[in-house]
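One structure below.
None of the figures in this text is laboratory data; all of them are computed from the coordinates on show. All of these numbers come straight from a predicted model, not from anything done at the bench. As a convention, Cβ positions derive from the backbone with ideal geometry for all residues, glycine included, and neighbour counts pool all protein chains shown.
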Amino acid sequence: MRGARTLFLVDIAGDRTSEVAAEVERTSDASVVPIVADLSRRADCHRAMDEALVADPRLDILISNAAPPRDIEPFLKMSAETWDEDLAVNLTASYLLGQRAGHVMKELGGGVILYTASISAFGASRGLASYCVTKAGIVSLVKSMALDLAPFGIRVNCVSPGPADTQRSADLVGEEMMVKFRESFAAVPMKRLASADDVARAFVYLASEDAGYVTGHNLVVDGGLIAQIYEVPEA
């Protein structure tokens, strides 16, 4: 994040967290503190926040971005474990982290809380019922939090990416298919996948003073995908 003094990176995968921390420190002046935590566990959500606040009691920006890896599971075959894990990581962790951040930011006189939603909040993808439900829940949570926290100078927003070139996408469809998708992605009007930078820039904007009057908003970054309904098929 531009201008940040200290960044806390929380992830379940310690090796990936350390790699990202090293990359951020090479390309910015911020110090980075990796925290390994399983956000499906309430105790780990509390511990992650405790560790960050002990290291630096000032919390200006929280970005909640965690989501468990997910394979396609038709609704009638979806396991209770899948449903529970998506609710725990995508929704319950969002609530716990956001509430704790809200208490801290209230005492500091303001702050910014941001979430990653998805264009799946607007509709559905086959075989991803729990994911879609929780992303819609995040959009609703953002609106509720924005209203309750506005009197304390705390802005709450989310970003809804469309199809993107991410590790999660590669895990879902396989690297061979991702190579083809990177060349062209016909389902999107702009004919390409979102890059990580496309999505990151949306978060930078919402965290900045340029968005000082923006709260309760879901910023869609999808290359025009949800703007279209259908095209008349060729004969």
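Worth a mention:
- For the chain, built as a Gaussian network whose Cα springs stay under 10 Å, the top-fluctuating residue of Gly137, Gly98, Gly224: Gly224
- With neighbour counts taken as other beta-carbon atoms within 10 Å, the residues Lys77, Lys135, Lys191 rank, fewest first, as Lys77, Lys191, Lys135.
- Secondary-structure-derived ellipticity at 222 nm for the chain, considering helices only, amounts to -13500 deg cm²/dmol, per-run term -39500 (n - 2.57) for DSSP H runs with n ≥ 4.
- Under 21 Å from Lys77, Cα to Cα: lysines that are on another chain or at least 8 residues apart: Lys135
- Close amide-amide hydrogen proximity is noted between Leu219 and Cys158, Val159, Ser160, each under 5 Å apart and 5 or more residues distant or on a separate chain (H modeled in the peptide plane; Pro and chain starts excluded).
- Kirkwood analysis of region 113-193, using all unique Cα-Cα pairs, places the hydrodynamic radius at 14.3 Å.
- Candidates Tyr213, Tyr115, Tyr205: whichever shows maximal mean-square fluctuation once the chain is modelled as a Gaussian network with Cα springs under 10 Å: Tyr213
- For region 91-153 versus region 163-205, the gap between their alpha-carbon centres in whole angstrom: 23
- Take every pair of alpha-carbon atoms less than 8 Å apart whose residues are at least six positions apart; their mean separation over the length of the chain yields a relative contact order of 17 percent.
- Exposure proxy order (Cβ contacts within 10 Å, fewest to most) of Phe75, Phe122, Phe8: Phe75, Phe122, Phe8
- Each residue, Ser28 and Val179, gets one label point 7 Å from its Cα in the Cβ direction; the gap between the two is 3.3 nm.
- Per-q log10 I(q)/I(0), region 1-138, q = 0.10, 0.16, 0.20 Å⁻¹ (Debye; single scatterer per alpha-carbon; no solvent): -0.37, -0.89, -1.22
- A convex hull fitted to the Cα coordinates of the chain yields 146 cubic angstrom per residue.
- Counted by neighbouring Cβ atoms within 10 Å, the residues His46, His217 run from fewest to most as His46, His217.
- For the chain, built as a Gaussian network whose Cα springs stay under 10 Å, the top-fluctuating residue of Ala121, Ala186, Ala194: Ala186
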